[in-house]
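In what follows, a single structure is set out as structure tokens and then discussed.
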Amino acid sequence: MSTNTQSMIFTIYGDYIRHYGNKIWIGSLIRLLKEFGHNEQAVRVAVSRMLKQDWVQSEKQGNKSYYFLTDRGVNRVEEAARRIFKLNPHEWDGKWRILMYTIPEEKRQVRDEFRKELLWSGFGSFSNGCWISPNNLDKEVELLIDKYDVEPYVDFFLSDYKGPKENQALVEKSWPLTDIEEKYEQFISTYSKKYIVHQSIIQRGQMTDAECFVERTNLVHEYRKFLFIDPGLPKELLPSRWSGNHAALLFSQYYKLLAEPANRFFEDVFQEDNDLRRKDRSYNAADHPLISEQVKNS
């Protein structure tokens, strides 16, 4: 199987289902994932795991089971969407956030989970037990301290860097920018070719809505992986030639190319056993609010 079923379900919730009331019948989810070669068994296993992890909850309607995102699930997909579709690096306030912890060995599992979440939020590992970020992550830090109940072990600072090196040196020490740049270059090389091919096939009317659905979902799924590795640094701290900017532009153009036919396919499957009236009226697949806002500002 090419991709993990659970993370594909997250992508479909984030890119489609959340605009349709956040809830879907398991049968429709199975039908959508079949397009990617995931079988019914794999989908049911993944959904029950998501249930245990408190990402989704279920409800019965007659003999059908529907699954909807919990508050925790909604927060995660919305934060991911904000970061995926926010395509331009922001300006820096010149401050560093420093988080230090000494979580004892007997809480090792908590410590590992906490570290993973810090990485996902965009913190860099400056040294053992010391994490830094130039972004305003105060709210995220508060939520994490609360979620993992680690208040006694954590200190959080807002500070200026006084040298002796440049701010850039802190970036190089805390994030593997060269590796991230390489991954962006791979993404650009693969997806710019696909974009050109699909553009011409779509213009000739030779690509089905189902194929567009698969391609758009795969595109978001691949691009979403950068959330785990790219800290989203402000432009002042990025190298002058940063492939992340080109990847973002390519993503935005390709997404728009596939958006409408992909959404048509999703709605065709969704409307059979789900409530289409729950669709967010302001949602327009081709005009993702955060994409258009960024393109206007660029």
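Accessible surface computed residue by residue for segment 1-152, with neighbouring protein chains in place and a 1.4 Å probe, gives 50 Å² per residue. Legend: P(r) of segment 229-276 from all alpha carbon pair distances, 10 Å bins from 0, whole percents, reading 20, 30, 22, 19, 9, 0. Segment 240-258 and segment 1-52 have their alpha-carbon centroids 26 Å apart. Please say if the chain is rounded, prolate or oblate, where rounded means a/c under 1.5 for a ≥ b ≥ c the square roots of the C-alpha gyration tensor eigenvalues, and otherwise the choice is prolate for a/b larger than b/c and oblate otherwise? Oblate is the answer for the chain, as a/c is 1.5 or above yet b/c matches or exceeds a/b. Length available on full extension from residue 71 to residue 7: 0.36 nm per residue minus the Cα-Cα distance, which gives 21.3 nm. Remark: relative contact order (segment 1-145) = 19 percent; criterion is Cα-Cα distance under 8 angstrom and separation of 6 or more residues. Only alpha carbons enter this Debye calculation for segment 1-70, each as an equal point scatterer, and the log10 of I(q)/I(0) it gives at q = 0.16, 0.23 Å⁻¹ is -0.48, -1.04.
By the rule of a C-alpha distance below 18 Å, with chain neighbours fewer than 8 residues away ignored, the aspartates and glutamates paired with residue 116 are 54, 79, 105, 106, 138, 140, 142, 146, 149, 151, 155, 230. Where a ≥ b ≥ c are the square roots of the eigenvalues of the C-alpha gyration tensor, would you call segment 69-110 rounded, which needs a/c under 1.5, or, failing that, prolate if a/b is larger than b/c, or oblate? Oblate is the answer for segment 69-110, as a/c is 1.5 or above yet b/c matches or exceeds a/b. Among residues other than residue 267 with Cβ under 11 Å from its Cβ, the summed charge is -2 (Lys and Arg +1, Asp and Glu -1).
Taking every protein chain into account, the accessible area of segment 193-235 amounts to 49 square angstrom per residue (probe 1.4 Å).
Between residue 61 and residue 155, full extension at 0.36 nm per residue minus the direct alpha carbon distance yields a gain of 29.1 nm. Split the accessible area of the chain by element, probe 1.4 Å, and carbon with sulfur accounts for 48%.
Using the structure shown, list the pairs from 34/225; 193/256; 23/279; 23/139; 23/64 with a Cα-Cα distance above 18 Å, or answer none. From the list (34/225; 193/256; 23/279; 23/139; 23/64), the Cα-Cα distance tops 18 Å for 34/225; 23/139.
The values are calculated or read from the model by the stated rules, or taken from the named source; none is laboratory data. Here the structure is a predicted model, which means the values were calculated and not measured. Heads up, the Cβs are rebuilt from the backbone with ideal geometry, glycines too, and the neighbour counts pull from every protein chain shown. What goes into the accessible areas is simple: the full protein's heavy atoms, side chains included, and nothing from ligands, DNA or RNA. Shrake-Rupley method; radii C 1.70, N 1.55, O 1.52, S 1.80 Å.
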